[in-house]
1. Give the residues of the stretch 5-28 that are under 17 Å from PHE70 (Cβ atoms), of a type outside the set (A, V, I, L, M), part of a loop (DSSP other than H, G, I, E, B) and in contact with a Lys or Arg (Cβ under 8 Å, 6 or more places away or on another chain), sorted by residue number.
2. Pull up the stretch 34-68, narrow it to residues that are among the polar types (S, T, N, Q) and within 17 Å of PRO2 (Cβ to Cβ), then point me to the one that is surrounded by the fewest Cβ atoms within 10 Å (Cβ to Cβ).
3. Determine whether the stretch 3-19 contains at least one residue that is surrounded by fewer than 18 Cβ atoms within 10 Å (Cβ to Cβ), touching a residue at least 12 places away in the same chain (Cβ under 8 Å), more than 13 Å from ILE106 (Cα to Cα) and of a type in the set (Asp, Glu).
4. Looking at (1) without any contact (Cβ under 8 Å) to a residue 40 or more places away in the chain; (2) acidic (Asp, Glu); (3) at positive phi, which one does ASP83 not meet, given that it meets all the others?
5. Looking only at the stretch 68-91, decide whether some residue is part of a strand (DSSP E or B) and among the small types (Gly, Ala, Ser).
6. Just to be sure, is PRO31 assigned to a loop (DSSP other than H, G, I, E, B), surrounded by 12 or more Cβ atoms within 10 Å (Cβ to Cβ) and modelled with pLDDT of 95 or more?
7. Look at ARG82 and say whether it is basic (Lys, Arg), at pLDDT below 95 and surrounded by 14 or more Cβ atoms within 10 Å (Cβ to Cβ).
Amino acid sequence: MPMQERYLAEEPSLAEVTAMAGPLLLEFGTPWCGYCISVQSSLAMALAEYDEVLHLKIEDGRGRRLGRAFRVKLWPTLVFLRDGEELERLVRPSGSAVIRAALSRIAA
């Protein structure tokens with residue numbers, strides 16, 4: 001599945017996320033965050049190798065329940081899940097290698 005370019009207009013509920021089968025990457029951030037913008041090319045390179053991973057780009061901020069449910073404090077925060085269970089988390093990742101390594105853990 002290709003990388004999601006835009007943030008979702010409506011975030012899924014925690015129940016919907018934990019019910020999703022297979023590998024899932026939740027990307028929490030905002031379209032105006034400099035850190036979020038800078039990680040996009042590394043994220044795209046890493047995700048290009050993992051078509052089976054569903055990528056959901058979630059806009060976070062005040063009043064956003066999903067980000068609070070995952071205790072997001074800094075952007076971008078990448079949460080890697082398999083069958084609804086969090087297996088890995090990266091906060092402000094540096095480079096595609098670290099993202100690729102986390103993707104390999106949930107895609108296996």
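1. Pass one, the stretch 5-28, residues under 17 Å from PHE70 (Cβ atoms): 7-8, 10-20, 23-28.
Pick out the ones that are also of a type outside the set (A, V, I, L, M) and you get 7, 10-13, 16, 18, 23, 27-28.
Still in the running and part of a loop (DSSP other than H, G, I, E, B): 7, 10-13.
Answer for the stretch 5-28, where residues must be under 17 Å from PHE70 (Cβ atoms), of a type outside the set (A, V, I, L, M), part of a loop (DSSP other than H, G, I, E, B) and in contact with a Lys or Arg (Cβ under 8 Å, 6 or more places away or on another chain): TYR7, GLU11, SER13.
2. Let us first name the residues in the stretch 34-68 that are among the polar types (S, T, N, Q), namely 38, 40-42.
Narrowing the set further to residues that are within 17 Å of PRO2 (Cβ to Cβ) leaves 40-42.
On the way: GLN40: 15, SER41: 10, SER42: 17.
Filtering first and then ranking leaves SER41.
3. yes
4. Failing condition for ASP83: (1).
5. no
6. No, not satisfied.
7. Here the answer is no, as ARG82 does not meet what is asked.
The values are calculated or read from the model by the stated rules, or taken from the named source; none is laboratory data. Values in this document were obtained by computation on a predicted structure and should not be read as measured data. Heads up, the Cβs are rebuilt from the backbone with ideal geometry, glycines too, and the neighbour counts pull from every protein chain shown.
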